[in-house]
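What follows is a single structure, written as structure tokens, with notes after it.
The values are calculated or read from the model by the stated rules, or taken from the named source; none is laboratory data. Just so you know, these numbers come straight off a predicted model, no measurement behind them. FYI the Cβ positions are ideal-geometry reconstructions off the backbone, even for glycines, and counts take in every protein chain you see.
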């Protein structure tokens with residue numbers, strides 16, 4: 001994936017932030033599910049992969065792979081889509097039922113993702129408006 005000359009990373013950032021909000025919403029929806037493990041998307045790792053880095057992680061280790069679609073990895077498989085940068089969240093406090101979702105943390109992360117999504121959307125909107133001004137001359 002190459003950088004878009006008009007929108008830069010923002011078009012891809014919108015897609016990643018949307019997926020992140022989906023993952024975080026799933027965490028919130030499963031906050032009472034026993035043994036549910038909270039997940040999040042590592043935006044930096046996803047961005048690095050989107051920019052065409054090699055198949056190794058930032059620390060030089062090889063990336064994991066699955067030999068079957070049914071296998072689940074830390075980079076996960078959510079709803080049938082392989083999501084780069086998907087990681088398990090480390091719980092701040094253990095729970096009796098094994099659930100690692102902390103609703104306050106998830107809501108905070110969701111608000112952060114929504115803010116980043118809106119910022120990228122505003123940038124893309126501004127670029128489209130400036131291009132329309134250049135085309136129409138108004």
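Has the stretch 59-71 got at least one residue that is loosely packed, with under 11 Cβ neighbours inside 10 Å and either closer than 24 Å to residue 21 by Cβ or at pLDDT 85 or above (or both)?
No, there is no match, as no residue in the stretch 59-71 is loosely packed, with under 11 Cβ neighbours inside 10 Å and either closer than 24 Å to residue 21 by Cβ or at pLDDT 85 or above (or both).
Scan the stretch 20-58 for residues that are touching a strand residue (DSSP E or B) at 6+ places or on another chain (Cβ under 9 Å) and modelled with pLDDT of 90 or more and jot them down. Give the steps one after another, and end with the answer.
Initial filter on the stretch 20-58 (touching a strand residue (DSSP E or B) at 6+ places or on another chain (Cβ under 9 Å)): 20, 22-24, 26-27, 37-42, 45-46, 55-56.
Passing the criteria: 20, 22, 23, 24, 26, 27, 37, 38, 39, 40, 41.
If I filter the stretch 97-124 down to residues being within 13 Å of residue 26 (Cα to Cα) and surrounded by fewer than 17 Cβ atoms within 10 Å (Cβ to Cβ), which single residue comes out as farthest from the chain's Cα centre (by Cα)?
The extreme case among them is 103.
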